[in-house]
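All remarks here apply to the structure that follows.
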Number of protein chains: 2
Amino acid sequence: MVEQSPAELDAVFHALSDATRRRMLARLASGEASVGELARPFAMSFAGASKHVKVLESAGLVRRRIDGRIHHCRLEAAPLAEADAWLRHYERYWTRTLDRLEALLKAEDRPKHDKGNAR
Amino acid sequence: MVEQSPAELDAVFHALSDATRRRMLARLASGEASVGELARPFAMSFAGASKHVKVLESAGLVRRRIDGRIHHCRLEAAPLAEADAWLRHYERYWTRTLDRLEALLKAEDRPKHDKGNAR
DNA sequence: GCGATACTGAACCGTATGGTTGAACAAAGC
DNA sequence: GCTTTGTTCAACCATACGGTTCAGTATCGC
């Protein structure tokens with residue numbers, strides 16, 4: 001597997017590795033928000049939250065439009081698609097696990113026959 | 001959107017935020033490997049690579065089976081599925097973006113008609 | 001037993017991270 | 001013009017990170 005842009009992926013996954021930032025993205029999924037609106041739900045200083053927004057922005061996950069003194073933030077999901085593409089390379093591994101589990105459960109249902117029949 | 005296990009996701013995304021660790025996972029996708037085999041491709045001390053393996057392990061992405069002096073590592077993809085599930089909440093946003101792009105390209109093909117027809 | 005091999009642990013280093021506070025700035029509202 | 005509001009910036013702090021080196025432990029082969 002070859003990565004075309006490791007540094008970008010680094011930034012995106014790092015941005016996602018913090019629950020505060022993930023919740024901010026979740027908020028942005030329901031529409032644009034100012035930095036203040038993004039900060040409000042958190043027991044954290046305004047400046048602290050502002051830093052988180054900057055991390056999201058520099059990972060390309062948030063676009064900022066400055067309108068007077070208000071900074072409007074918009075979700076920019078394209079980098080998430082890249083991260084998802086990376087993850088899905090491993091999809092067959094976790095589905096295989098689920099398949100094994102399913103086969104196991106089926107085998108428990110009728111333990112006397114159907115041997116070696118579970119894909 | 002509610003997260004059921006923020007700390008786990010933190011650990012998984014953090015583990016993925018380093019290109020060295022992502023390459024180790026890629027290596028493990030092609031089969032079990034010892035810590036030494038995982039370390040070999042990198043211009044890095046053995047101990048350094050061993051630390052990376054530990055990060056992957058504590059994120060639940062790697063299972064270790066100790067056989068004599070060799071530590072065999074196996075890919076454990078289930079946590080990746082969790083991360084993927086999180087990401088896919090945003091799928092519609094990036095597909096929407098791609099749709100817009102597609103519509104734009106179509107509009108360029110025939111710029112005189114088909115106005116307002118791009119979803 | 002002895003040396004080589006496979007690995008972890010501990011100590012250390014420089015830098016990044018997540019957080020704070022307080023000052024600064026620009027734009028609105030009065 | 002003055003105050004309030006929305007926001008960043010700079011400085012600072014503690015802790016975590018990615019890396020190193022060196023020592024330690026366990027196992028294998030002879």
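All of the numbers you see were taken from the coordinates with simple rules; none came from a lab. Only a predicted model underlies this, so the values are computations on that prediction, with no experimental measurement involved. Heads up, the Cβs are rebuilt from the backbone with ideal geometry, glycines too, and the neighbour counts pull from every protein chain shown.
Quick notes on this one:
- Within segment A:66-89, being surrounded by 13 or more Cβ atoms within 10 Å (Cβ to Cβ), of a type in the set (D, E, K, R) and either away from chain B (no Cβ under 14 Å) or part of a helix (DSSP H, G or I) (or both) holds for A:Glu82, A:Asp84, A:Arg88.
- Complete set of residues in segment B:66-89 that are over 17 Å from the mean Cα position of the chain (by Cα) and touching a residue at least 24 places away in the same chain (Cβ under 8 Å): B:Ile70, B:His71, B:His72, B:Cys73
- Residues satisfying the stated conditions in segment B:56-65, i.e. surrounded by fewer than 20 Cβ atoms within 10 Å (Cβ to Cβ) and out of contact with any Cys (no Cβ under 6 Å at 6 or more places or on another chain): B:Glu57, B:Ser58, B:Gly60, B:Arg63, B:Arg65
- Taking the listed residues B:Asp84, B:Asp10, the one that is within 16 Å of DNA strand D (Cβ to nearest atom) and of a type in the set (Asp, Glu) is B:Asp10, with no other qualifying.
- Residue count for segment B:1-55 under the criterion of being exposed (fewer than 15 other Cβ atoms within 10 Å of the Cβ), under 29 Å from A:Arg27 (Cβ atoms) and touching a His at 6+ places or on another chain (Cβ under 9 Å): the result is 1.
- Complete set of residues in segment B:1-56 that are charged (D, E, K, R), within 14 Å of DNA strand C (Cβ to nearest atom), within 8 Å of chain A (Cβ to nearest Cβ) and not in a loop (DSSP other than H, G, I, E, B): B:Asp10
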